[in-house]
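A short worksheet on the structure shown next.
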Amino acid sequence: MDKQITSLLNFIDNSPCNFYAVNTAKKMLEENGFTEKLLGNEIEAKPGERFYFTKNDSAIFAFTVGKKPIAETGLKIVAAHSDSPCFRVKPHAEMLCEGGIVKLNTEVYGGPVLYTWFDRPLSLAGRVLLKGEDAMHPITRLVKIDRPLFSISHLAIHFNRQVNEGNKISKQKDMLPIIAKVTEKLEAENMLLRLVAEELDVDMAAILDFDLLVYNTEKSCTFGLHDEFISAGRLDDLSMMHAALEAIVDVKDEDATCVAAIFDNEETGSGTKQGAGSPVLSNVIQRMVESQGGNYDAYCRALAKSFLVSADNAHAFHPNYAEKYDPTNHPSLGSGPCIKINANCKYMSDAHSAAIFKALCAEAGSPCQYFVNHSDVAGGSTLGNILTGQIDIEGVDVGNPLLAMHSVRETGSVDDHINMIKVFKQFFS
């Protein structure tokens, strides 16, 4: 198996949620000479420096500072996101049911294909906040339960003979996982907090709060007659995050400053302090320009010379549902990265930025495709057009085609992922 695909599968398996995706990225960056900076400290941009910073433990931004001033060369930015549709555990989640069965109260995050989550081995991962020295400084710990912990069991067909003819699903009733069988009510109380405390080896009273998310414990893999396909959860958008990181760590001694910007909360609209709708990236870029002796005018000149590749996956042509796709612009698995086009500006691509990306593909030796929605099918927006509300920059929306997007397991192409890495490396060179 190609080492980049092995790296992708390991990256996904080690990143069951956004917090772990950032943690995995930090390790990858530090192994390649990047050092961490804190937003609360001074941020300088010294030529040749490689650094990263994080926001909310769930977004990460990596920089290789060019030999020339940012105001002179601009920036080359690849943006992706760390989050994927799943379920978040609510506070006071334990629900004791008849017969001593305990289920967990959860809330849907983003837009998952709900019925694909039934009858799977599931577990929990996320961050836990512990008491610190004072109220304003809690301690953050990551936690991942590395074994199947619960399952969301579907109702047997014998009780719903029409299930295969269409089955309306209630997020509050149908999607709650079963976690335990208890003999006494006391066992159910604070069951989750006790589990987390044991996993972290801390006193349960030290836990202030948590962000715990549900993930599928089945491992990522390749499949197909020639192992040409990828089957994994969270390909949207961890595959693009991985490609951006593979490219940024390979940057050598370049004139321009390169950036891999991984935001959070794209699946819920990007309207958070760590999302693409926030000023977090623009603020840091401005601080970097100022550290090189520039002012606001220099910052604006830098942006005018910059280019953004917004990398979020596209929809591959599904042979069973040809009628859902645009008749002339439906990308296929294994035929290359896609440029995403929308007449109503849901994507930031236009003819000029698309031409730039097509030329990059040609220089990298990669095929290139277009994705355009069927005119009767509404499409969603992504990072690119949201970021342009914060940064005055030209760019293009791209992504690799996937099948079953937002399913608990999505399908991608080995060749497409390898080609996207090649294109990103060409962009940064």
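The values are calculated or read from the model by the stated rules, or taken from the named source; none is laboratory data. The model shown is predicted, which means the values in this text are computed figures rather than measured ones. Glycine gets a Cβ as well: all are built from the backbone with ideal geometry, and neighbour counts include every protein chain shown. Keep in mind that these areas ignore ligands, DNA and RNA; they rest on the heavy atoms of the full protein, side chains included. Shrake-Rupley method; radii C 1.70, N 1.55, O 1.52, S 1.80 Å.
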If we only count strands (runs of 3 or more DSSP E) wholly inside the range 110-228, which ones have 3 or more residues that are among the aliphatic types (A, V, I, L, M)?
122-130, 139-144, 178-181, 207-216
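Filter the range 374-389 for residues that are touching a residue at least 12 places away in the same chain (Cβ under 8 Å) and more than 20 Å from the chain's Cα centre (by Cα); which is most open to solvent (accessible area, probe 1.4 Å)?
Restricting to residues being touching a residue at least 12 places away in the same chain (Cβ under 8 Å) and more than 20 Å from the chain's Cα centre (by Cα), the top hit is Ser375.
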Consider Val251 carefully, then state whether it is under 30 Å from Gly395 (Cβ atoms) and among the β-branched types (Val, Ile, Thr).
yes
Need pairs with beta-carbon distance below 8 Å; first residue on the phi > 0 side of the Ramachandran plot and modelled with pLDDT of 95 or more and within the range 404-429, second surrounded by fewer than 23 Cβ atoms within 10 Å (Cβ to Cβ) and in a helix (DSSP H, G or I); sequence gap 6+ or separate chains.
Ala404/Thr116
Counting only residues that are within 20 Å of Asp209 (Cβ to Cβ), in contact (Cβ under 8 Å) with a residue 40 or more places away in the chain and surrounded by fewer than 17 Cβ atoms within 10 Å (Cβ to Cβ), the range 92-106 contains a total of 2
In the list Phe357, Phe371, Phe317, which residue meets the criterion of being aromatic (Phe, Trp, Tyr) and open to solvent by 30 Å² or more (accessible area, probe 1.4 Å)?
Phe317
Looking only at the range 38-48, filter to residues that are surrounded by fewer than 20 Cβ atoms within 10 Å (Cβ to Cβ) and either in contact with a helix residue (DSSP H, G or I) (Cβ under 9 Å, 6 or more places away or on another chain) or among the polar types (S, T, N, Q) (or both); which one of those is nearest to Asp237 (Cα to Cα)?
Leu39
Against the definition (farther than 22 Å from Phe424 by Cβ and open to solvent by 20 Å² or more (accessible area, probe 1.4 Å)), how does Asn56 come out, yes or no?
yes
Of all helices (runs of 4 or more DSSP H) fully inside the range 235-353, the set with 3 or more residues that are without any contact (Cβ under 8 Å) to a residue 60 or more places away in the chain and acidic (Asp, Glu) is none
Filter the range 180-203 down to the residues that are out of contact with any Asp or Glu (no Cβ under 8 Å at 6 or more places or on another chain), of a type outside the set (Lys, Arg) and surrounded by 13 or more Cβ atoms within 10 Å (Cβ to Cβ), then identify the one that is farthest from Leu122 (Cα to Cα).
Val202
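Just checking, which of Asp255, Asp236, Asp312 is of a type in the set (Asp, Glu) and open to solvent by 50 Å² or more (accessible area, probe 1.4 Å)?
On inspection, the qualifying residue turns out to be Asp255.
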